[in-house]
Structures are given as C-alpha cells and as structure tokens.
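Structure, as structure tokens:
No value in this document is a laboratory result; all are computed from the given coordinates. All values reported here derive from a predicted model rather than from experimental measurement. For neighbour counting, all protein chains shown are included, and Cβ atoms are generated from backbone atoms with ideal geometry for every residue, glycine included.
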Amino acid sequence: MTRLGPTPFGQPKLRREDERLLRGAGLYTADVCPPGLLHVAFVRSTMPRSTIVECDTCAALECDGVEAVFTGSDVHHLGDLSIAPMMDVNGTPEYPVLAYQTVAAVGQPIAAVIAQSQYMACDGVDSLFVDLEELPESEDDPVTVTGSWNAGSVDAQFSKADFIVNACVDHPRLAPSPMEPRAITVEYNASNDSATVWLSTQTPHRARLELAKILCICETRIRVVAPDVGGAFGMKAALYPEDVFVVWAAFTLKRSLQWVASRSEEFLSATHGRGCTSAGQLALSRDGTFLAVKASMDLPLGHWLPTSAVVPAWNAGRMIPTGYRIDAVESSSVGTCTDKAAVGIYRGAGRPEANCLMERLVDEAAAITGIDPIDIRLKNLVKNEDFPFTTTSGCVLDSGQYGKALQTLAEKADYAGCVKRRDQRREKGELTGVGVAFYIEPCGIGWESARVTLRPDGTVLAATGGSSQGHGRETAIAQIVADTLDLPMDTVEVVHGDTRTCPTGIGALASRSTAIGGSAIHEACLLVRKKALESSGSEEVTAELNYKNEGEAWGYGCYLVELSVDRGTGVVTLESASCVDDIGNMVNPMLVEGQIVGGFAQGVGEALLEEVRYDEFGQLLTGSFSDYALPRADNIPELSIFKMLTPSPNNTLGAKGVGEAGTIGAPAAILNAAMDALRPLGVTTLSMPLTSQRVWEAIRDATRETL
Ligand code: SMO
C-alpha cells in the first residue's frame with residue numbers, strides 16, 4: 001500500500017463523529033436507559049489493610065427506593081480476571097469483586113446498594129454501617145512481576161569505558177482522567193435470560209469473554225456494546241470489579257442496572273499509570289561512542305492486577321536501549337503489588353519510562369564529554385542501512401531514518417538559534433534550558449479482525465473488531481475503505497465496538513488501531529473487491545478476516561523544548577516546543593496531529609504538574625481536580641509539528657502508531673531542558689513533576705552546598 005494522493009487516504013478529512021458529538025447527540029453508556037432501570041452505588045473502604053469487623057446492611061435496606069444490598073459474601077465465589085502473561089509473576093493477588101472479610105486498599109468496594117435512582121442508591125450507601133479494624137503492615141513478601149533482558153559483555157565494556165554516567169528518573173503516579181468516567185449499563189432481557197452490557201471500554205470482545213468466564217455463563221448470553229467512549233487512555237482496557245458486580249447483580253436480580261463512576265471514584269479506584277522509579281548507567285568512550293548500558297525499572301502495582309498490569313514493566317525493560325546501537329545491555333524490570341489502587345496501562349505504558357531513562361543518560365553523556373547533545377545522538381542512533389535492526393534486548397526495529405529526523409528537528413526548530421539565545425540569556429543571569437529527546441514507540445502486536453460487505457446498491461458496511469475510545473476511528477476506517485474500493489466516503493458505513501455486529505477482535509489500545517486494525521480493514525476490502533469482480537454483480541459480497549502483522553511497527557521521533565526557570569520561585573515556563581514524528585503512511589494527517597498534540601499535553605502534565613499522592617497510611621491525598629493538577633491551556637505552548645514518512649514494512653498499510661508519541665517524547669525533552677537550565681547551578685537530578693516547590697528546593701539545595 002503505497003498509494004497516497006488525491007484520494008481520501010492521506011487527506012485531512014473532518015471527523016464524521018463530530019457532527020453528533022458536538023451537538024450533544026452522541027450516545028454514551030450513561031445515556032442508555034432501558035425500562036425499569038435500577039442504579040448501583042458502592043460503599044468504599046475508608047482504610048487500607050483492614051478487617052471487616054461488621055457490615056450492617058439493615059438501615060440501608062430500609063432507605064427509600066433501595067431494592068437490594070449486596071456484600072462480599074454474596075460474590076466471593078466468582079472467578080478471577082486473566083492477566084496477560086508477559087513476565088514472571090510470583091503469586092496471584094486476589095480479584096475481589098466486593099471485599100470479603102478483609103480490605104486491601106482505600107477506595108475498594110465493600111458493598112453495593114441498588115436503588116430506583118442514583119441519589120437513592122447514594123443515600124443507601126450513606127446509611128450502611130461498616131466497621132473496619134486496621135491490620136498491621138503485612139509481613140509476607142508482596143507479589144511481584146519480574147523480567148530481565150541481558151546481552152553482550154556488560155562488565156567488560158564498563159571496565160574499559162572512559163566515562164560512566166548515571167541517571168535516575170522518578171515518574172509520578174498518574175490518574176489517566178478521561179472526560180467520561182467509567183460507566184456500565186446492563187440491559188437485562190428476561191425472554192432468554194441474557195444481557196446487553198453497555199460498557200465504556202477499549203476492549204468489548206475481551207470484556208465479554210472475561211465476564212462469561214468470571215460469571216461461569218455462556219458467552220452467547222452476553223452482548224457487549226461500547227457506544228461512544230469519552231476517552232480511555234488505557235484506563236478502560238481491563239474489566240473492573242465494579243463492572244463484574246453490576247453484570248452479576250443484573251443476572252441475579254433479573255433487572256437492568258446502571259453504574260456511573262463519580263470523579264472521586266475514578267481517583268480512588270480506576271487504574272493509575274506510571275509511578276516508575278528508574279536508575280541507569282551508561283558506559284562510553286571519550287569520543288562519545290556508547291559501549292554498554294545498565295537499567296533497572298521499579299514500578300508500582302496495586303492491590304489487584306488488571307489484565308495488562310505487567311505491560312508497563314515489560315515495555316520499560318525490553319525497550320532499553322531504545323533507538324541506540326549499544327552492544328551490551330543489562331536491563332531489569334520489577335513490578336511490586338502495594339495496598340493502593342490498581343496500576344495499569346496509561347498512554348505510553350512503559351514507553352515513556354524506557355525512553356526518559358535513556359534520554360537522561362544520553363544527555364549526561366553529552367555533558368561529561370562536552371559533545372553537543374544532538375551530535376552524540378547522531379553518532380549512536382541506529383543508521384538507516386541497519387534496518388530492520390534487532391536491538392541487544394531483542395526488539396526488532398522495523399524501519400526509520402532516525403538521524404535524519406533529528407537533523408530535521410535541529411533545522412526546523414532552529415536548534416543553533418535556541419542554544420545561542422539560551423547562552424545570551426544565561427550571561428544575563430537567567431536560568432534557561434534547551435532539551436532534546438529521541439524516542440521510539442512500539443505499535444501493537446498481533447492481530448485484528450474486519451468484515452467488509454459490499455451491498456448491491458453500491459454502499460459498504462465495514463465492521464472492525466477494534467473499537468473507538470473517541471479517537472476518530474469511524475473516519476479513519478471510512479477513509480481506508482473508500483480509498484481501497486474507489487468509492488465516495490459517504491457510501492461507507494462503519495460499525496465498531498459491538499460484539500453482536502462486529503467480528504471478534506481485540507480493541508483500541510497499544511497504538512494498534514491503524515497499523516493492525518486499519519490493515520485488517522484494507523485486506524478485507526481487497527478481498528471484497530476480488531470477490532465482487534468474480535461475482536455476477538448484483539449480489540451482496542462479504543469478506544471477513546483476521547489480519548496479523550508481520551512484527552511490530554516502531555514509530556519514532558524527537559522533541560525539542562526551550563524553557564526557563566524562575567530563580568526565586570522555581571516556576572518552570574515552557575517557551576517553545578517542536579517535534580518530528582515518523583508514523584509511516586498516514587490515513588488522516590488531521591487525526592495524526594490531534595493525537596500528537598493530545599499526547600504532548602499529557603506529557604507536559606506528567607513532566608510539570610500531575611501526581612497522585614497517598615499519605616504514609618495509604619490515604620489518597622489527591623481525590624479531586626482541586627488537588628490533582630491536570631494541565632490547562634495556558635500550561636501548553638504551541639507545538640510545532642513536523643513529519644517524516646518511512647512506511648513500515650510490517651503491515652499492509654505501511655502505518656505506524658502515533659497515539660502515544662507525545663507522552664513519550666515530551667517528558668524526556670522537558671526533563672533534559674530543565675536539567676540543562678539548572679546544571680550550571682550544580683543541580684544533578686530532578687524528579688517529575690517539576691512543580692515549583694520541587695524545582696525551588698533543588699535550586700536551594702544546590703546553591704546552599706556551594707556557598
Ligand atoms: S495505554 Mo493504551 O490504551 O495501550
């Protein structure tokens with residue numbers, strides 16, 4: 001697939017979803033109101049690690065409108081959730097639908113009240129009496145997931161190195177915060193004892209499979225529909241205990257039920273991301289050649305493991321040494337269960353962790369050798385002629401022009417001018433920095449499904465096994481179909497996110513929607529075209545297939561930021577930002593830029609503002625947006641976006657993912673720029689988020705020592 005040009009493919013088509021969404025005519029899970037709907041609210045633990053001494057439901061049951069109350073003893077027989085087995089796990093933490101006998105974390109559901117309205121359910125929750133007795137800290141070893149990636153003579157390279165540099169990076173624990181919180185509406189169908197589960201999810205088919213397994217019922221009794229989804233970012237990839245409860249209760253009561261999380265419930269019990277602490281060492285020769293790298297990644301997990309719980313640890317470990325040619329690598333990654341909210345994938349999912357550590361090490365290498373940060377990268381990045389390139393840890397980087405991307409960035413963003421301005425301002429006593437970061441982004445492994453039907457009237461129905469989390473899939477898929485079949489876009493109807501009308505598939509995650517999901521649609525179109533040419537011309541023609549890619553596509557790119565630091569207050573101000581991203585063939589450049597800008601904003605949030613905090617007793621301190629600082633428009637400088645185009649040889653569209661690009665490149669570039677600004681004062685390390693308090697303390701500590 002190399003055809004690009006005056007066809008829908010490659011054009012910045014407006015999103016066909018937006019007409020209905022902007023007019024308020026979208027259909028979100030909470031908008032679905034089957035007749036006789038009852039509402040669910042959860043009683044949540046106010047303490048970590050406790051024994052449930054008493055859970056008295058009497059008063060709640062007498063509340064107006066309350067129809068039923070359930071506790072852990074009603075559901076503790078239900079099954080467990082599957083965990084993607086990418087690393088070794090030394091135990092199985094419980095998957096408690098409602099806490100039974102003990103609770104593990106603040107915010108864990110203990111009981112559920114079902115009532116005629118959401119308010120009545122909340123009144124019931126307030127009337128329910130729970131007595132908890134705090135347990136001492138457990139003496140058992142926590143459940144951990146571990147992995148290591150070792151190759152080459154690391155010790156020999158370290159002993160012959162001219163320099164060894166160190167870096168540590170602290171990633172804040174983050175709350176993914178999609179605009180639409182978690183929501184589930186179960187429409188119970190008494191005629192055949194089945195249910196339609198409307199769920200704000202990234203993975204409808206997996207949700208059906210897991211629900212059937214946990215509830216021990218046949219999959220045919222459950223239809224899962226992901227209607228419009230208002231953002232997900234990895235937070236809606238796994239099935240939550242609350243979801244399982246609501247479906248179980250609907251079948252038990254034979255009633256339709258709905259639960260919509262409040263924002264506070266999201267901070268307390270939706271999955272968090274990041275929280276990784278990493279440490280690394282890079283050995284290099286005097287001329288700036290990288291010889292060996294050691295990295296250790298330490299990631300938190302929560303009190304239960306969502307399906308993709310180990311993915312961040314796996315990506316963080318296996319991606320070292322990212323896009324650099326380093327022949328000796330020793331990388332290890334450990335995820336450790338804690339008595340806090342679950343941690344799962346969040347936009348980037350281990351990619352920012354690996355890239356931030358490498359980029360910090362590379363900048364330290366530049367500083368110690370006196371080689372320019374761009375030049376030392378150019379010297380060590382994988383060269384064009386080496387693709388496909390198998391990294392020392394075994395990742396197969398498919399394609400790219402890494403050096404050219406960095407040179408393009410230097411030119412377009414006027415790197416030389418940035419450095420000159422910085423030096424002039426430094427002479428006047430200002431704290432200013434220029435930061436560069438290179439990143440790579442693995443995009444989806446495996447397969448996705450598609451079914452394309454060409455109707456006798458010339459219109460097309462395209463059904464994908466993937467789904468949409470609000471990122472414009474209907475538009476992108478319609479463009480691929482229209483281009484492949486040479487039809488106008490408005491003849492193409494797209495369906496997704498429904499286990500009844502779509503072929504069994506995976507979903508919207510891991511930057512896979514276009515590279516794999518889009519390729520599946522493209523292949524199905526080619527098959528339909530072939531069948532149509534062989535048919536009589538007046539019949540309906542359908543093609544359905546599973547497409548498996550030939551290996552991961554690796555997006556990559558680089559970011560450059562200029563920033564200044566106020567010496568008196570520690571406030572960091574981003575002054576400019578530019579990026580070059582190579583995502584292979586593009587279906588819709590407007591959607592691509594939207595992804596880059598959105599990812600960048602979340603990357604700025606991680607670098608400068610956002611942090612989920614618990615106190616020493618396990619109490620959540622950041623339970624609302626007044627304590628948890630999402631970036632606002634005035635925190636985000638305009639991002640100048642430039643593109644490279646190296647098609648991936650690993651999928652039929654030649655596409656790479658772009659969903660996570662900005663969250664990977666931005667924090668690394670910002671960290672490097674802040675270190676560049678503060679290194680002259682003697683600051684040697686900084687932790688994210690770079691709040692004014694943290695930065696002020698770093699300045700104070702560094703300057704105090706030199707007094
Ligand atoms: S963090 Mo993404 O939804 O794989």
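The alpha carbons of segment 581-625 occupy a box of 50, 18, 16 Å along the principal axes, longest dimension given first. What you get for the chain, charging only the Cβ of Lys and Arg (+1) and of Asp and Glu (-1), is a dipole of about 1880 debye around the Cα centre.
Counting other C-beta atoms within 10 Å, and keeping those with at most 15, which DSSP coil GluC sites (Glu not before Pro) do you find in segment 130-230?
On the way: sites: E133, E134, E137, E139, E187, E210, E219; in loops: E137, E139.
Passing sites in segment 130-230 are E137, E139.
Report, in debye and to the nearest 20, how large the dipole of segment 446-548 comes out about its Cα centre when Lys and Arg carry +1 and Asp and Glu carry -1 on their Cβ.
Values: 9 positive and 13 negative charges, 74 e Å.
Computed charge dipole of segment 446-548: roughly 360 debye.
The longest part of the chain holding none of the exposed loop trypsin sites (Lys or Arg not before Pro), meaning those outside H, G, I, E and B in DSSP with at most 14 other Cβ atoms within 10 Å, is 24-253. Rg over Rh for segment 628-700 works out to 1.12, both radii taken from alpha-carbon positions and Rh defined as the Kirkwood radius. Counting only lysines at least 8 places from K428 when in the same chain, those with an alpha carbon closer than 17 Å to its own are K420.
Shown here: segment 446-548, whose C-alpha atoms stretch 41, 24, 23 Å along the first, second and third principal axes, sorted largest to smallest. Relative to its residue count, the chain spans a Cα convex hull of 164 Å³ per residue.
Remark on segment 244-353: Rg and Dmax equal 19.7, 73 Å (Cα only).
Please report the antiparallel percentage of DSSP beta bridges with both residues in segment 446-548, rounded to the nearest 5.
On the way: 13 of 17 bridges.
Of the beta bridges lying entirely in segment 446-548, close to 75 percent run antiparallel.
Measuring against 18 Å, Cα to Cα, the residue pairs K160/K294; K236/K643; K548/K656 contain K236/K643 as the ones spanning a longer distance.
Using Cβ counts within 10 Å as a stand-in for footprinting exposure, how do Y188, Y346, Y119 rank, fewest first? Provide the component values of the computation, followed by the final result.
Values: Y188 22, Y346 28, Y119 13.
Ranked by crowding around the Cβ, least crowded first: Y119, Y188, Y346.
Residue farthest toward the positive end of the dipole of the chain, with Cβ of Lys/Arg at +1 and Asp/Glu at -1: which of A342, V40, A156? Value: A156.
The Cα center of segment 473-489 and the Cα center of segment 96-113 differ in position by 47 Å.
In whole Å, what three semi-axes, largest first, describe the equivalent ellipsoid of segment 1-139 built from its Cα gyration tensor (square root of 5 times each eigenvalue)? The partial results should precede the final answer.
Working: eigenvalues 341, 144, 30 Å².
Whole-Å semi-axes of the equivalent ellipsoid: 41, 27, 12.
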